[in-house]
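The values are calculated or read from the model by the stated rules, or taken from the named source; none is laboratory data. The structure presented is a predicted model; accordingly, all values stated were derived computationally and were not measured. Every residue, glycine as well, gets a Cβ built from its backbone with ideal geometry; the counts of neighbours run over all protein chains shown. We work out accessible area using only protein heavy atoms, side chains counted, and drop any ligands, DNA or RNA first. Shrake-Rupley method; radii C 1.70, N 1.55, O 1.52, S 1.80 Å.
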Amino acid sequence: MFYWDKNNCGYELEDKLYSVDNIKEIFIATAYLSNDGVDILEKLINVHNVKKDKVCVCLSTEFSYDRPADILTRLNKIANVRISKGGRLFHSKVYYLKGETDNLMIFGSSNLTDGGFDRNIEFDRISKPSEEEIVQVENFIKFCLSETDEVTDEYINFYKSQEAELCEIKRLKNKIKTFENKDDAFTENEYDLEDFYFKYADYETFFLRNIRKNTSDLSAQRKVVKDKLMAIHNRVQEDINKLNLYAHWDKNKITSSTFPNQFNNFKVEWMGVRYGKKKEEIYFGDGFKESYESFTKHACLQFNIYDNGFELLLFFAVPNEAWDRNHLKNNLEQISDKINLQAQAMRGHGLVWHISDCPEFNFDTDVDLAAYLKKYDCEGKYSYLARHFAPNNPKIKTIQDISNEVLKCFKLYKPLYDIIVWRKK
């Protein structure tokens, strides 16, 4: 059996550690080790009640740049820990578990880290070794023991004394990574999103380097984002329906596209949920068209996540064949005063109207929205009102916080929506 990532293989690498009954001995050789890796090992040891003297972990000298002394201290409590003597690079990734009746061998590219066991693309062989292979494995273990030294307090104190230098190395490595991903909307360390509903990985899905890709990893992460958006939808749907606004009638199309295709110009730059007209109000040209495309031609209220935050929108028009754009142009003179009075009532909320390649209309400072729409809103341009939330804005910390903001903003937007949008009588 081979493993490279959980989405394609259908299981997690950690799960395979539990495929041996009654584990009695554990040997691990890993070039890199993190606190997440210690968590994995600690859980395995506790489940099988493996004694410390039956657990051996061999490490490279550069096993971690992130508080290595703390990692060694934790590991020393549950295992015999050994570190390479140096000279040659210790680069092995081997997991050998001896059970009461059978043994398990995993070897390949996965280090004992969260990346190695979860996030990265790896390649590992998983097998129950034959008697001949066991002899070779035992010889490898003996070799590792001869090439490593036991970790003592002296080792731990040394790594502790080098913490400042190691932190600087980590900073420089992150700086290089930042340069490689210089077009990203923000860095992983820029915001503390640990307790937030949307995590760094959710926003990373929409970074410039990812929007055109259609890999299994991105598909899985887009599914995570879709599920989070649907969870918000399930909380707010009933109250939004009371506003006479409705999601797409096809349950599979409630969220926007989750993969690059012709309708999103082969780029997944954002994902969200739209609420607008009823199914029977959606007409396209001279005929009735039950499609996702026809729904997007009509104005809607929308919540979405993108590379640099969360947005609540009154999405008025797509570039071409937007149904409500013509309706507004044909009725603008009669409803201009209503538009401007409603725009004034919406001040103080940081709202901005955006039209492609045009100046913005700031509700808090500008006064004539009707004139702005008359001058700039035209065929070939996106046109929408938006309220932006930064990734670490406390108003979008929990799903309940987000749901509250969605309902609050939609109630604020709805009177303007009713003025500028065609609805079937």
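Numbers at a glance
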{"item": "Flag for residue 55 being more than 29 Å from residue 216 (Cβ to Cβ), in contact with a helix residue (DSSP H, G or I) (Cβ under 9 Å, 6 or more places away or on another chain) and open to solvent by less than 70 Å² (accessible area, probe 1.4 Å)", "result": "yes"}
{"item": "Residues located in the range 395-425, provided they are under 14 Å from residue 310 (Cα atoms), touching a Phe, Trp or Tyr at 6+ places or on another chain (Cβ under 9 Å) and in a helix (DSSP H, G or I)", "result": "395, 396, 399, 401, 402, 405, 406, 409"}
{"item": "Residue tally, condition surrounded by 21 or more Cβ atoms within 10 Å (Cβ to Cβ) and assigned to a strand (DSSP E or B), over the range 84-102", "result": "4"}
{"item": "Test: residue in the range 19-32 that is at pLDDT 90 or above and in a helix (DSSP H, G or I)", "result": "no"}
{"item": "Test: residue in the range 320-329 that is open to solvent by 20 Å² or more (accessible area, probe 1.4 Å), part of a loop (DSSP other than H, G, I, E, B) and modelled with pLDDT under 95", "result": "yes"}
{"item": "Residue among 78, 121 that alone is surrounded by fewer than 16 Cβ atoms within 10 Å (Cβ to Cβ) and part of a loop (DSSP other than H, G, I, E, B)", "result": "121"}
{"item": "Number of the exception - residue 238 against (1) modelled with pLDDT under 95; (2) closer than 24 Å to residue 386 by Cα; (3) open to solvent by 10 Å² or more (accessible area, probe 1.4 Å); (4) part of a helix (DSSP H, G or I)", "result": "(1)"}
{"item": "Lone unmet requirement of (1) open to solvent by 50 Å² or more (accessible area, probe 1.4 Å); (2) more than 22 Å from residue 263 (Cβ to Cβ); (3) among the acidic types (Asp, Glu); (4) touching a residue at least 60 places away in the same chain (Cβ under 8 Å) for residue 405", "result": "(1)"}
{"item": "Selected residue [within 37 Å of the chain's Cα centre (by Cα), on the phi > 0 side of the Ramachandran plot, exposed (fewer than 15 other Cβ atoms within 10 Å of the Cβ) and free of Cβ contacts under 8 Å to residues at least 40 places away in the same chain] from 350, 380", "result": "350"}
{"item": "Filter result (hydrophobic (A, V, I, L, M, F, W, C) and surrounded by fewer than 19 Cβ atoms within 10 Å (Cβ to Cβ)) within the range 383-402", "result": "386, 390, 399"}
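Every residue, every condition in (1) assigned to a helix (DSSP H, G or I); (2) modelled with pLDDT of 95 or more; (3) small (Gly, Ala, Ser), yes or no:
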| residue | (1), (2), (3) |
| --- | --- |
| 158 | yes, no, no |
| 171 | yes, no, no |
| 177 | yes, no, no |
| 183 | no, no, no |
| 190 | no, no, no |
| 196 | no, yes, no |
| 227 | yes, yes, no |
